[in-house]
Amino acid sequence: MPEAIPSTFFTRPPEWSWLIVWYFFLGGLAGGAAFIAAILELIGRPGDRPLIRVAYYIAFPAMVISTLLLIADLGRPERFWHMIVQSETARPAFKSWSPISFGAWLVGLFTIFTFIGFVRSFVEEGYLRWGWLADALRDLPGKLFAVLSGLLGLWVAGYTGVLLAVTNRPIWADTSFLGALFLLSGASTAAAALILAGHAMRPVPDASVHRLERLDTGVMLLELLALLALVFSLGVVARVWLSWWGALLVVGVVLAGILVPLALHARRRRFWPASVTAAVLVLIGGFLLRVVMVLSSEGIPYGG
Amino acid sequence: MAEPMGFFTDSTVCIGCKACEVACKEWNQLPATNGGQNTLSGDSYDNTRQLDGIHWRHVRFIEQFNEDRSQGRWLMNSDVCKHCVQAGCLEVCPTGAIIRTEFDTVVIQSDVCNGCRDCIPACPFGVIGMNPVSNTAQKCTLCYDRLKVGLEPACAKACPTDSINFGTIADLRQMAQDRVRKLRAEGESRAYLYGADPGMLGGLNAFFLLVDRPEVYGLPANPQLPSRNLGPNAVGATAAAVLAGIVGYFTLGRDRPEDRTREDRTGEEVRRA
Amino acid sequence: MYPGSLAASDCIVFEGSNMAECHPVAFRWVMEGKRKGATLIHVDPRFTRTSALCDVYAPIRSGSDVAFLGGLINYVINSKRWNEEPFFREFVVNYTNAATIISDAFKDAEDLNGVFSGLEPYAGDPINGFIGQYNSESWQYARTQIGDQGRVAATAQSGEQPVPSGQAGQPADAPDTAQATPTGGPPTQTGQSGQAGQAQGGPAAEGGGTAGRAAATARSGEQPVQSGAQQAGQAEQVPDGPPYDALVRSLRKPEPRTDPTLRDPHTAFQILKRHFARYTPEMVERVTGCPRETFIKVAETLLDNSGPDKTSSFCYAVAWTQHTNGPQTISCAALLQLLLGNMGRPGGGVMALRGHATIQGSTDVPTLYHSIHGYMSHPSVLKKHDTLKDYLLTETLPTSYWANEPKFMVSYLKSMYGAAATPENDFGYGWHPRITGDHSHFPMFILMDQGKVRGAFMIGQNPATSINARLERRALGKLEWLVVKDNFETETAAFWYRSPEVQRGEVKPEDIKTEVFFLPSAQVAETEGSFTNTQRLLQWHEKAANPPGDCRSDAWFTYQLGKRLKAMYASSTEPRDEGFKALGWDYDMDAGTPGEHVEGEPDVHKILKEINGYETATGNHLKSFGDLKDDGSTTCASWIYSGVYPAPGQNRAASRKSLPPGTPERPDLEWGFAWPANRRVMYNRASARPDGKPWSERKKYIWWDGQKWTGYDVPDFPTNKPPDAKAKPGAIGLDAHSGTDPFIMKADGKGWIFAPTGLVDGPLPAHYEPAESPVQNPIYKQQTSPVYKRWAIADNNELAKVGDPNFPIVITTYRLTEHHLSGAMSRWNPWLAELQPELFIEMSPELAAEKGIANLDWVRITSPRASVRAKALVTRRMRPFTIDGKRVHQVGMPWHWGFQGVVTGDVTNELTALVGDPNVSIHEGKAFVCNVEKDTGGTV
Ligand SMILES: Nc1nc2c(c(=O)[nH]1)N[C@H]1C(S)=C(S)[C@@H](COP(=O)(O)OP(=O)(O)OC[C@H]3O[C@@H](n4cnc5c(=O)[nH]c(N)nc54)[C@H](O)[C@@H]3O)O[C@H]1N2
Ligand SMILES: Nc1nc2c(c(=O)[nH]1)N[C@H]1C(S)=C(S)[C@@H](COP(=O)(O)OP(=O)(O)OC[C@H]3O[C@@H](n4cnc5c(=O)[nH]c(N)nc54)[C@H](O)[C@@H]3O)O[C@H]1N2
Ligand code: SF4
Ligand code: SF4
Ligand code: SF4
Ligand code: SF4
Ligand code: SF4
Ligand SMILES: [Mo]
């Protein structure tokens, strides 16, 4: 055994795998969508309105699936509620210092918000014609709701990274940038998803789509910085990525998922297929980021 | 609360008989790896390999011989949950399944645990694992059920050489320090205590006498609480959120000329006219 | 000695034992000693879990222990300390036969190229396996009268060779007997009745006849004066019936000549000194491969930790016994311990670590074919045993405690035949069965294989794996019927449809005609009874629960079988059946005996009472064997156990008081009952100086307080016999010993550093190579023991020739803590199975490199008998040796695997040969040769 093995190598993996990877991706996507919806609600154009609705069409189902994935991943799914209510004392089970604990509450809360947003979108499009409901939603203080669900969204997107960090596993517990990275990735994947939606549906003004592209560009630049910071913060532990994981990170996440989309967005002449390609790549890159971050640590057995 | 109880495991008198492993399995009715049809690990005499949900005691074998055998040692040590005074597992457990008992030990209540598995990576020592029978996370209970009726833990009871000593932390620390002093006097200068000092997670209620670096025994040199990462990551995430917000403000908030689509322009011309 | 006393040792040498792995619980005493500063030494071919706890590890090649121990003896007696510290000489001159003068007819291995005088070709029945035999006539003491040597000594093989006279039987307790006779059978008794026995362990179980046989000659050193003819003549004068004192007195003979200055070249000491002179540190290194410096360190440590205020002990088990010279190895250690004054003292001695639980008990209350209770010789057609008188004339040792043998024997016969045993009918002696030769494990299976045995019971053993397994399975297949009574369907029970040869298609189940009955057995926790462990300690255990279903205790089975047989014979009028009809067999549980009992379970307390003994008339329990009479007025199955049950409701085996910890020098006299007479350390008079004062304050144990012997233990000496008492001329029993003769079971009261008898393979230990060895014997021209046992009549029993290039590697076999013996009791248990799931072979990286073998590779191991597969465990705990300038590799395999159970594997014992020690017939499972190659066959 080599000298001075980092202490995180003497721990055991939780065996969180694909279910959790998908959850992290979808949760980030939903959170990011709510975040973008919020900004558009605050300072957007009238033409952005459809995008806000799309954001909730994405967020709510994503959160529903996320919740199901989370429950399915439990050893004892029928006891999922033990995370909310302490089964013996029937008191609320809440630990502000435990990401998985407050995360459980967060997910619940956020899902409710996305649900409301989801229903409101329907109403706006006039699918649901129940007057009382329409009234109720119109009275809903739109901006406040937007801000709250936006914040919750960012929180959901970010806490998934913090959850990994608040352990003793290699990589996860060896950096302070996982939260930031997952949050930004969530935002950029959400932007990408909305861009695709924008292209798909009329009448979304190109202007809105272009603004989303610029948002994505900015967020991806931040994401790139966060990723670099993370790699440096790992120090020797980063050696774990001198492997296929590293290759996937560089090619899949950085190159395909960030640099190529940046390049495509930077083009002056607008050409919708390029924009679509970029968006698709961002989504794939965002997913691969979760894959690498979760599974490359999972793969390290006790003792390194 | 009764007096804090725990283990002092003296690796220098361990004969690697594994009676502790078996006594634990028998008392706690834990299943065997693959119904017993395990494979040879090739790593000395260790075939159970690690602590996990069905191995709550694990005896590690370390062979240290130089080329010509002029120097040689075969170290053995029986590892177990450390019942940390500051316990990472207990810190994160979202269901309250993990509790601290009146003996200052850390116990997972199998009927409460829902198998979220967050405690597994949270433990700095890789102690916890899933038990395939209960589908919950499990580990050493320090024989809570036996302690409650005044019995000593099964593993300590079975240990033929008193390598595993059970008692009050105060007594154990005294005993351990005397033992270290004696060993040093006899020339075993490498003897030291791992985890007896409150500096390590407030003190481990199961601590060890070792004669080589912790890593050699599969123990972390610097175990820490998972919560140490909460602050920094939260700050990082918040900063990222703020920055994302700013980017959002500047990108989604304003138009750029090139965004103007045909419809927009014709609209202006009409106005000029 | 007893394990608890190890805590009082200043130095403990483990040689021939892997105590930490095989006796982990007793090892707690060792750890207590270590914590108190004792130095621990392990001498073993492998660095084991015992070595890991030791201060010194001395690697030696398997089968070279006598060379190592002989080297120690030579080093010790020539050392400065031994010659300057007066203690050593005082102990040796007074308490051993060092000063005794040996017949000048004796020729040592020095004079005869490695053999002793008296070597003859073996003439007897080949089933006994000898390749040669010794006439021990010339090994005898020189006596004050000429013409005393007239008689052939009984040999340990007295069960297998005609012997005109000689006595047999001696408490088979390793430590103690070891103390008694360094060269003696006794050590071998444990060495083997404990362990060797197990090797042969017929249905008779581990005991192995060996104990008794070794014992037989342990005492036969002292031969009656008269020639056979004279004896006959003399016999006239002694009465035929009790009292037998006159008979015993008639056996007395003149005193041996001695020279307390030890200068006479014919003294045992001078002979021994010359004998071991060639065992120099250089020679030790050449033969054993142990680095000289390490050897010298061991010798110096032993010397430093022996003396008036220090004691050292040796712990051995079957790695000393399972050799063609096993007993000699043990004798050698005992000899060394006598020279170092480490006998009969706290923390001193030779600790025999026995095997199966209560294996000691199974040799005391014997399942041995060749001895009856209490180590008395089994009546034999090959000895002059025609009448009770003949038997007593042949077997009784007139001087020593054995002078009481008539009392033991008559009381035994009373327990056999009860009221039917009268002085008129020789107490039924004539009904008692006789043995006709070696009926131990190997001969039994060879005859089985030759179709000469029709049926067999396998109760508590699993021979289909435990030795030369292939041959044994084939033999089982020749039986008409086989009863296996076990807790599991063992390899022995399943041989006919699951054996490797059946799996390979070489044998078809339908061709095996043996009818196999499997009777499920109760587990120990489901029975009540006693264990007798290695320290002769009887400990009672209660029954925790009744056995489930059809499971029955062995006592139930044996008792019920006896009852049914007696019912069958009840109507017989055949004279030969009279004895069986007269046999006392009434242990029915009285109605209302407390507790739940399985229908038909015998009352073990009734059995215990018969073993303990009682007044024939009143039925009152005997307090001790001191109460025994030779006229039938006492009944006692096993004299050595007398006192365990002194009164109804007072079962001393169940006593559970113990002293506060931290007083290792004091034995726990209230914990269980140790035979004889609850003594923990035998011959403990040696723990005091000749004048009766303790050798030192630190090591005081038993001493003379002016009126009587007293101390921490039960004195092993007549309580009121003062230290300055003189031997009474012409007296019998202990009156023939002086106040300074501690070894009361020995004819001369001395510990033997030279054994006129007791061992059939020489009065002194000599290094011989194992039957299979890669090298020529570097010490003598004589390669192997000239008299070891090889059953040439058994086939699949070829041996590799010396240095055979096809089998260049030394292999040994052994145990793992995680498993038990043939594995029946551990491989069926998932918790144990997962700890050591697969058969492996331990080898050094050097050998692995030569053979291109990597860790965990499948390896094929081939011996001249067979070949098996195992996974390679490559480890630096193994090392190559340089033997006589040649590099010799050593490998080792555990032998716990078989084809039944949760985890299975090849049977290591396919590889072993039917060769054994001549005294005790134990197989040489610890040193033979093989070859290893990477196995390309893939996994099975
Ligand atoms: N866990 C466990 N305990 C047991 C048993 C068991 O099966 N499992 N079996 C019981 C029984 S029946 C018995 S008889 C005892 C046996 O107890 P031991 O005799 O201690 O057991 P072994 O492992 O057969 O042999 C002991 C050691 O002898 C070494 N050895 C091999 N050849 C030689 C040699 O030529 N010279 C020397 N000096 N050493 C040599 C081996 O490397 C091994 O380490 O154990 C008893 N206790
Ligand atoms: N190569 C090699 N061969 C060896 C040895 C070696 O060191 N090397 N060691 C030798 C030695 S020392 C020994 S002791 C022998 C042992 O050889 P065996 O005695 O043949 O092997 P065991 O596994 O002890 O068999 C004991 C059987 O008794 C059963 N049993 C347990 N308790 C009870 C009970 O209460 N009643 C009944 N009826 N059955 C019970 C067990 O299930 C088991 O099947 O092997 C010898 N063979
Ligand atoms: S060692 Fe691990 S499992 Fe045990 S108390 Fe400490 S953190 Fe919890
Ligand atoms: S797995 Fe069970 S014990 Fe562990 S953290 Fe989750 S709920 Fe708590
Ligand atoms: S204390 Fe009890 S649960 Fe913990 S290892 Fe020992 S026996 Fe097992
Ligand atoms: S029982 Fe004691 S001696 Fe045996 S392995 Fe466990 S700690 Fe070591
Ligand atoms: S297995 Fe039984 S006999 Fe052997 S050490 Fe353990 S307790 Fe003693
Ligand atoms: Mo044995």
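The values are calculated or read from the model by the stated rules, or taken from the named source; none is laboratory data. The structure displayed is predicted, hence computed values, not measured ones. Reconstructed Cβ throughout: ideal geometry from the backbone, glycine too, with neighbour counts over all protein chains shown. The area values use the complete protein model at the heavy-atom level, side chains included, leaving out ligands, DNA and RNA. Shrake-Rupley method; radii C 1.70, N 1.55, O 1.52, S 1.80 Å.
Quick notes on this one:
- Only Lys, Arg (+1) and Asp, Glu (-1) charged, at Cβ; chain C dipole about Cα centre in debye: 1580 debye
- Centroid-to-centroid separation of segment C:447-486 and segment C:56-99 [C-alpha atoms, Å]: 44 Å
- Its alpha carbons give segment B:29-127 an Rg and a Dmax of 17.1, 55 Å.
- What you get for segment A:90-217, charging only the Cβ of Lys and Arg (+1) and of Asp and Glu (-1), is a dipole of about 260 debye around the Cα centre.
- For segment A:232-293, the share of alpha carbon pairs falling in successive 10 Å distance bins from zero is 23, 42, 24, 10, 1 percent.
- In order along segment C:401-411, phi translates into HN-Hα couplings of 5, 5, 4, 7, 3, x, 5, 4, 5, 5, 5 Hz, rounded to whole numbers, per the Karplus curve 6.51 cos²θ - 1.76 cosθ + 1.60 with θ = phi - 60° and x for Gly and Pro.
- Value of [θ]222 nm, deg cm²/dmol, for chain C, DSSP H segments ≥ 4, -39500 (n - 2.57) each, nearest 500: -6500 deg cm²/dmol
- Share of carbon and sulfur in the accessible heavy-atom surface of the protein assembly as shown [1.4 Å probe, %]: 59 percent
- Computed [θ] at 222 nm, helices only, for chain A once each DSSP H run of length n ≥ 4 contributes -39500 (n - 2.57): -22500 deg cm²/dmol
- Of all the options B:ASP43, B:ASP118, B:ASP162, the one that moves most in a Gaussian network model of chain B with Cα springs shorter than 10 angstrom is B:ASP43.
- Separation in nanometres of the label points that stand 7 Å from Cα toward Cβ, at C:ARG263 and C:LEU519: 6.8 nm
- Put a plus charge on the Cβ of each Lys and Arg, a minus charge on the Cβ of each Asp and Glu, and nothing anywhere else: the dipole of segment C:585-741 about its Cα centre is then about 1160 debye.
- Summed residue charge, Cβ within 10 Å of C:GLU110's Cβ, Lys/Arg positive, Asp/Glu negative: +1
- Just checking the listed ones, A:PHE35, A:PHE177, A:PHE122: in the Gaussian network model of chain A with Cα springs under 10 Å, the one fluctuating most is A:PHE122.
- Averaged over C:835-841, number of beta-carbon atoms from partner chains that fall within 10 Å: 6
- Cα centroids of segment C:529-594 and segment C:307-366: 33 Å apart.
- Helix runs (DSSP H) in chain B reaching 20 Å along axis by Cα, Kyte-Doolittle at least 1.0: B:230-253
- The protein assembly as shown: C-alpha pair distances exceeding 53 Å, %: 40 percent
- Heavy-atom accessible area per residue - the protein assembly as shown, 1.4 Å, Å²: 35 Å²
- Gaussian network model of chain A, Cα within-10 Å springs - most flexible of A:PRO50, A:PRO170, A:PRO141: A:PRO141
- Amide H to amide H distances under 5 Å link C:SER826 with C:HIS820, where only residues 5 or more positions off or on other chains count and H is placed in the peptide plane.
- Accessible area that becomes buried as B packs against C, both chains, 1.4 Å probe, Å², nearest 100: 3500 Å²
- Counting charges near A:GLY303 (Lys, Arg +1; Asp, Glu -1) among other residues having Cβ under 11 Å from its Cβ returns a value of +1.
- Helix A:18-43 axis, angle to chain A major axis (alpha carbon atoms, nearest 10°): 40 degrees
- Quarter the surface of the alpha carbon convex hull of segment C:526-618 and you get the mean projected area, 8.8 square nanometres.
- The value of relative contact order for chain B, using C-alpha pairs under 8 Å at least six residues apart, is 24 percent.
- Rg to Rh quotient for chain C, alpha carbon positions, Kirkwood Rh: 0.94
- Heavy-atom accessible area buried between chains B and A is around 5400 Å² (1.4 Å probe, both sides summed).
- The packing ranking of peptides B:48-58, C:582-592, highest mean first, is B:48-58, C:582-592, where packing means the average number of other beta carbon atoms within 10 angstrom of each residue.
- Cβ-defined net charge surrounding C:GLN539, 12 Å radius [Lys, Arg +1; Asp, Glu -1]: +1
- Peptide B:24-33 - average C-beta neighbours from other chains (10 Å radius): 3
- Only lysines eight or more places from C:LYS513 in sequence, or on another chain, were considered; those with a Cα closer than 17 Å are C:LYS452, C:LYS478.
- Using a cutoff of 8 angstrom between alpha carbon atoms and counting only pairs six or more residues apart, the relative contact order for chain C works out to 18 percent.
- Each part reduced to its alpha carbon centroid, segment C:107-137 and segment A:7-38 end up 84 Å apart.
- Binned Cα-Cα distance frequencies in segment A:1-100 - 5 Å width, integer %: 2, 10, 13, 13, 15, 13, 12, 9, 6, 3, 2, 1, 0
- When the protein assembly as shown is described by a simple charge dipole with +1 on each Lys and Arg Cβ and -1 on each Asp and Glu Cβ, the residue from A:THR114, A:LEU68, A:LEU295 located farthest towards its positive end is A:THR114.
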